[in-house]
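These notes are about the structure you will find just below.
The values are calculated or read from the model by the stated rules, or taken from the named source; none is laboratory data. All figures in this text were calculated on a predicted structure; none of them were measured in a lab. All Cβ positions, glycine included, derive from the backbone under ideal geometry; neighbour counts span all protein chains shown. In case anyone asks, the SASA skips ligands and DNA or RNA and just uses the protein heavy atoms, side chains included. Shrake-Rupley method; radii C 1.70, N 1.55, O 1.52, S 1.80 Å.
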Amino acid sequence: MSGSTNRQILLVEKPSGKLGTEHFKMVDGEMPEPKAGEALLRVLYISLDAANRAWMHGATYRSAVEANTVMAGGAIAEVVGSNAPELAPGDIVFGDTGWQDYAAVPARHLTRMPKLEPLTHLLSVFGIAGLTAYFGLLEIGKPREGETVVVSAAAGSVGSIVGQIAKIKGCRVIGIAGGADKCNWLTSALGFDAAVDYKDGAVFKALRAAAPNGIDVYFDNVGGDILEACLPQMNNFGRIACCGAVSQYDGIPSAHGPRGVPGLIVVKRLIMQGFIVTDHMDRRDRALADLQAWVEAGKLKVQEDIINGLENTPKALIGLLAGENRGKRMVKL
Ligand SMILES: NC(=O)c1ccc[n+]([C@@H]2O[C@H](COP(=O)([O-])OP(=O)(O)OC[C@H]3O[C@@H](n4cnc5c(N)ncnc54)[C@H](OP(=O)(O)O)[C@@H]3O)[C@@H](O)[C@H]2O)c1
């Protein structure tokens, strides 16, 4: 933070290829004034999400981010001024503040959060990442005890929680991640039964060895070639929870989609369903109670990757897309 100016990171140009630091610029903006119904927020932690990059392609479940605007992004923030009766200075909220020190945001777009310690857990296990893992696995994947669950981007914020919940539910769990270090971490620290390094090539074969009885639930964070490798190994009546497609976000998407769609889906009677975490928020309290109980019991380890300084946010997102992070990446202001 810097006095009464408001540092902002603008997306100056939408990338046509890979995202680079040249697509962003830091400027000193005006201190925002909250209008009626808005709260003035001081941003504490910016959430770095693979989806930040996907929003640059166009409108999805939210509107596209546009060039020459403050880069969009969720954050945990403190209310420092309020023109909304439901929020008061000192409250902690989650909302889309964008990448800046201060933001004025309508209170109806903010979620008031508990003041728990550490606050960072509000972005990781008790935030979008934890809830996405919980709802996607349990409500879409519907794993049963003894089944085999595979999760991609397994060392990332959503994937690392998915695998651990699947273990809690008594499943055999295989993570797919980039690099031997991440794979070792999944099995040695998080209790996954096996891990496949997709950067080592031959994903199909490695997966066959790790899941000799086939896959019952595939939690897909990446799409593309890894989805294609999983599809033929799905067991009859298996479930694929389509959470995201990070392999397609940065750069030019591959020319062909996964082969085997819809043939394998028909023959194996698969259910393949996309979901957006916000569709499930009516069960948020139940999910948070379970997640909290598992964390307290030591059954669910929380991995966070905290980068310091607003100015480092572009690099932190570019690094996340390249697989630098383990667990939930965020920027502390
Ligand atoms: N549906 C929803 O409501 C919802 C909500 C939140 C997030 N999501 C989705 O969840 C997924 C994970 O997002 P996140 O924000 O939590 O990020 P994250 O998993 O913490 O980080 C992204 C990870 O993706 C992996 N990756 C990057 N390029 C890849 C590629 N070409 N092939 C395979 N893996 C690749 C990298 O790990 P490696 O080192 O292993 O490559 C990187 O660490 C994304 O698809 C996101 O869109 C969906």
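Here G191 meets the list (1) among the small types (G, A, S); (2) within 13 Å of the ligand (Cβ to nearest atom); (3) open to solvent by 10 Å² or more (accessible area, probe 1.4 Å) almost entirely, failing just condition (2).
Against the numbered list (1) within 11 Å of the ligand (Cβ to nearest atom); (2) open to solvent by 20 Å² or more (accessible area, probe 1.4 Å), V162 comes up short only at (2).
Would you please name the residue that is surrounded by the most Cβ atoms within 10 Å (Cβ to Cβ), looking only at residues in segment 165-181 that are among the small types (G, A, S) and either touching a strand residue (DSSP E or B) at 6+ places or on another chain (Cβ under 8 Å) or at pLDDT below 95 (or both)?
Taking segment 165-181 and keeping what is among the small types (G, A, S), we get 166, 170, 175, 177-180.
Subsequent filtering for residues that are either touching a strand residue (DSSP E or B) at 6+ places or on another chain (Cβ under 8 Å) or at pLDDT below 95 (or both) retains 166, 175, 177-180.
Details: A166: 28, G175: 31, A177: 28, G178: 18, G179: 14, A180: 12.
By that ranking, first place goes to G175.
Residue count for segment 233-251 satisfying the condition of being open to solvent by 50 Å² or more (accessible area, probe 1.4 Å) and either of a type in the set (K, R) or over 21 Å from A177 (Cβ atoms) (or both): 2. The set of residues in segment 131-147 that are more than 10 Å from the ligand (Cβ to nearest atom) and either open to solvent by less than 10 Å² (accessible area, probe 1.4 Å) or small (G, A, S) (or both) comprises L137, G141, G146.
Residue pairs whose Cβ atoms lie under 8 Å apart, separated by 6 or more positions or on different chains, with the first residue in segment 307-333 and more than 12 Å from G156 (Cβ to Cβ) and the second among the small types (G, A, S) and open to solvent by 30 Å² or more (accessible area, probe 1.4 Å), do not occur.
Being small (G, A, S) and free of Cβ contacts under 8 Å to residues at least 60 places away in the same chain is a condition met by no residue of segment 107-130.
For segment 252-280, enumerate the residues that are hydrophobic (A, V, I, L, M, F, W, C) and either surrounded by 13 or more Cβ atoms within 10 Å (Cβ to Cβ) or away from the ligand (no atom under 13 Å from the Cβ) (or both). I'd like the intermediate steps shown before the answer.
Filtering segment 252-280 down to residues hydrophobic (A, V, I, L, M, F, W, C) leaves 252, 255, 261, 264-267, 270-272, 275-277.
Answer for segment 252-280, where residues must be hydrophobic (A, V, I, L, M, F, W, C) and either surrounded by 13 or more Cβ atoms within 10 Å (Cβ to Cβ) or away from the ligand (no atom under 13 Å from the Cβ) (or both): A255, V261, L264, I265, V266, V267, L270, I271, M272, F275, I276, V277.
Of the residues making up segment 281-333, those that are hydrophobic (A, V, I, L, M, F, W, C), part of a loop (DSSP other than H, G, I, E, B) and open to solvent by less than 60 Å² (accessible area, probe 1.4 Å) are L300, V302, L333.
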